[in-house]
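Values in this text are rule-based calculations from the coordinates and carry no lab data. It should be emphasised that the depicted structure is a prediction, and the values quoted were computed from it without experimental measurement. Note that each Cβ is placed from the backbone with ideal geometry, even for glycine, and that neighbours are counted across all protein chains shown.
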Amino acid sequence: MGNSPDVDNQTDPSVLLDPQRLPRHVAIVMDGNGRWATRRGLSRLQGHQRGKDSARTVVEVARDLGIPYLTLFAFSNENWQRPAREVNFLMALLRRYLMTEAKRLCKRDIKLIVLGEMERLPASVREVLEETMRVTAGNRSMTLALALSYGGRQEIVRAVRSLAREVAQGKLDPEQIDEQLFASRLYTASLPDPDLLIRTSGELRLSNFLLFQLAYTELYFTDTLWPDFGEREFLNALVAYQSRERRFGTVPTSGVPARAAN
Ligand code: FPP
């Protein structure tokens, strides 16, 4: 994928990484589970199974590096239209992941939050999610946001509705609505905007992910399929991020970003 000078295969990307200039928030579209499986003559479900392991690896590497926010796009609004067997499998996988991961999240001081329509998830998944969020709520080293039943346009419409309701009730003057107030009504209200978006599997799309929040985010696309995305690939993405000059619409200032990355 030509968007970033990838580190050659011989170099250990960790030696190229500047620990002082890590992104605060990395968001990932975990794509390619189905293709990974099909190419091996396996069922798509086995691809998702392996995708879960990549998610675990990336969470642990991000946490160990000291990246404070990580968002994983685990299930989109559109994913409900997949065959029931696949949807059911993904829900069961998510439930198992949470059940086995809750302890690890606590041990590693990671807080879990959810972005999306939690109410659409099966009760069995919702219960485990709520419990995991409850037991990890006080954790501070990293926030892991799982985007579940999430869609960027729906999120924006929901925020508009919430503001419109307050205007209609006479509680809010439309002139008071600015970017900050709007952002406070998004699922991501407690998160800074992503500094880096990673999408695996060679697809060059946003697919309705964090449409408002990605305005100044650096985009990194890789052909690697999600189940093959491990520590090395994650570090490559971070090295590529550090090679970018972030200008936020202004002119270059001797290599110093025009505003603090957020
Ligand atoms: C996209 O691959 C992936 C998904 C729709 C689901 C993402 C889920 C996981 C990575 C596993 C579970 C994760 C957690 C955090 C428990 P695809 O099926 O669209 O692949 P394709 O484009 O090759 O068909």
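Annotations
- Within region 196-235, the trypsin sites (Lys or Arg not before Pro) that combine a DSSP coil assignment with at most 13 other C-beta atoms in a 10 angstrom radius are 205.
- In a DSSP loop and with at most 13 other Cβ atoms within 10 Å, the trypsin sites (Lys or Arg not before Pro) in region 71-147 are 140.
- Taking the helices alone, the chain has a mean residue ellipticity at 222 nm of -12500 deg cm²/dmol, built from -39,500 (n - 2.57) per DSSP H run of at least 4 residues and averaged over all its residues.
- Here each label is just a point 7 Å from Cα along the line to Cβ, and for residue 175 and residue 206 those points are 3.1 nm apart.
- Under 27 Å from residue 52, Cα to Cα: lysines that are on another chain or at least 8 residues apart: 103, 107, 111
- Spacing of the modelled spin labels on residue 250 and residue 228, each 7 Å from Cα toward Cβ, amounts to 4.1 nm.
- Order of 185, 39 under a 10 Å beta carbon neighbour criterion, fewest first: 39, 185
- Most mobile listed residue (124, 149, 201) in the chain, GNM with C-alpha springs under 10 Å: 124
- When 234, 212 are arranged by Cβ crowding within 10 Å, least crowded first, meaning fewest neighbours, the order is 212, 234.
- C-alpha center-to-center spacing [region 181-233, region 141-162] in angstrom: 13 Å
- Pairwise label distance in nanometres, residue 107 with residue 53, each label 7 Å out on the Cα-Cβ vector: 1.8 nm
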